[in-house]
Amino acid sequence: MRGGAAALRPGGFVVISELAWLSEVPPAAARDFFRTGYPDMKLATENVGLAEEAGYRVLRTRTLSQAAWIDDYYEVLEPRATALAGHEDAAVRAFAQETLKEIEVFKAAGDSYGYVLYLLQRL
């Protein structure tokens, strides 16, 4: 969000999405998983503050539902990753196994993190 205001006219709108913590104390499995995959992930409230510091008014936020993650993403991805988890190519195998780990973490993490949409207006 830093520096992006210059690309938008004053009064202009933008919608961004960002993976964010929704809980100040997420489960250890989620914290550990994202410590390597996305160590800079912030609380959704922190992202609002960053947007405001960058010259935006935050008009609304919306968090992607867990059902959207499961029904429209993981339900499709999990069988494919499972099929590739024993692939002969080490890179493919590692990617599939990491994907399965992500799904496992998501199922165990409840609503402690998610994708948040931010409707912003440049000041």
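No value in this document is a laboratory result; all are computed from the given coordinates. Treat the numbers as computed from the prediction; the structure is a model and nothing was measured. When we count neighbours, we look across all protein chains shown, and the Cβ atoms used for this are built from the backbone with ideal geometry, even at glycine.
Below are the figures for this structure:
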{"read-out": "DSSP-loop GluC sites (Glu not before Pro) across region 46-123, with at most 15 other Cβ within 10 angstrom", "value": "Glu88"}
{"read-out": "Over region 14-81: Kirkwood hydrodynamic radius from C-alpha pairwise inverse distances, Å", "value": "14.0 Å"}
{"read-out": "Proportion of all alpha-carbon pairs of region 56-123 beyond 14 Å (%)", "value": "66 percent"}
{"read-out": "Backbone HN-Hα couplings from phi across region 27-35 [Karplus 6.51/-1.76/1.60, Hz, Gly and Pro as x]", "value": "x, 4, 4, 5, 4, 5, 4, 7, 4"}
{"read-out": "Neighbour cut-off at most 16 other Cβ (10 Å), DSSP loop, trypsin sites (Lys or Arg not before Pro), region 1-72", "value": "Arg2, Lys42"}
{"read-out": "The chain - Rg and Dmax from Cα coordinates, angstrom", "value": "17.2, 53"}
{"read-out": "Under-5 Å amide H pairs with Tyr56, H placed in peptide plane, nonlocal only", "value": "Leu123"}
{"read-out": "FRET efficiency, 1/(1 + (r/R0)^6) with R0 30 Å, evaluated for Ala83 and Asp111 via beta carbons", "value": "0.55"}
{"read-out": "Fluctuation leader among Thr45, Thr63, Thr36 - the chain, Gaussian network, Cα springs under 10 angstrom", "value": "Thr36"}
{"read-out": "Value of relative contact order over the chain, rounded to a whole percent, pairs C-alpha under 8 Å and six or more apart", "value": "51 percent"}
{"read-out": "For the chain, with +1 on Lys and Arg beta carbons and -1 on Asp and Glu, the positive-most of Ala90, Gly11, Leu22 along the dipole", "value": "Gly11"}
